[in-house]
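This report concerns only the one structure given below.
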Amino acid sequence: MNNFRDQLEKDINKLVGILKSEDELKEILKRRLTKKEFKYYSLSLENSNDEVLQDILRCDQKRLDEIKKQTILKINQEKIKKEFIK
């Protein structure tokens with residue numbers, strides 16, 4: 001199972017600096033993402049497949065794709081990226 005730190009390093013396009021601790025990153029994500037986006041991101045760390053994600057998030061494939069895209073876009077916003085850095 002991945003942790004938030006490893007996953008963020010993969011998802012952030014241009015990472016400048018060192019990421020904060022796991023707990024701090026989790027708090028920032030919880031504060032900045034919607035409940036569904038945060039739930040999706042947490043579940044994706046457990047390598048859940050799309051069917052499991054759809055079931056838990058109660059959505060169809062189209063909505064799941066939107067959540068994935070929106071989450072990655074938010075994570076890559078400059079002001080949010082700055083919060084991740086020590």
Exercise for the section: Might you let me know whether the range 10-21 holds any residue that is surrounded by 16 or more Cβ atoms within 10 Å (Cβ to Cβ) and in a helix (DSSP H, G or I)? Expected result: no
Handout entry: Residue ID - nearest to residue 14 (Cα to Cα), chosen from residues in the range 40-54 that are exposed (fewer than 11 other Cβ atoms within 10 Å of the Cβ) and without any contact (Cβ under 8 Å) to a residue 24 or more places away in the chain
Key = 49
Problem - Scope the range 23-48; condition in a helix (DSSP H, G or I) and acidic (Asp, Glu); matching residues - result: 23, 24, 27, 37
Problem - Test: residue 62 is modelled with pLDDT of 95 or more, surrounded by fewer than 15 Cβ atoms within 10 Å (Cβ to Cβ) and not hydrophobic (A, V, I, L, M, F, W, C) - result: yes
Problem - The one condition in (1) within 26 Å of residue 86 (Cβ to Cβ); (2) of a type in the set (S, T, N, Q); (3) modelled with pLDDT of 90 or more; (4) surrounded by 12 or more Cβ atoms within 10 Å (Cβ to Cβ) that residue 2 fails to fulfil - result: (3)
Exercise for the section: Only one of these is within 18 Å of residue 66 (Cα to Cα) and touching a helix residue (DSSP H, G or I) at 6+ places or on another chain (Cβ under 7 Å): 39, 26, 20. Name it. Expected result: 39
Handout entry: Selected residue (criterion: surrounded by the most Cβ atoms within 10 Å (Cβ to Cβ)) from residues of the range 69-85 that are over 12 Å from residue 13 (Cα atoms) and touching a helix residue (DSSP H, G or I) at 6+ places or on another chain (Cβ under 7 Å)
Key = 84
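The values are calculated or read from the model by the stated rules, or taken from the named source; none is laboratory data. All figures in this text were calculated on a predicted structure; none of them were measured in a lab. Glycine gets a Cβ as well: all are built from the backbone with ideal geometry, and neighbour counts include every protein chain shown.
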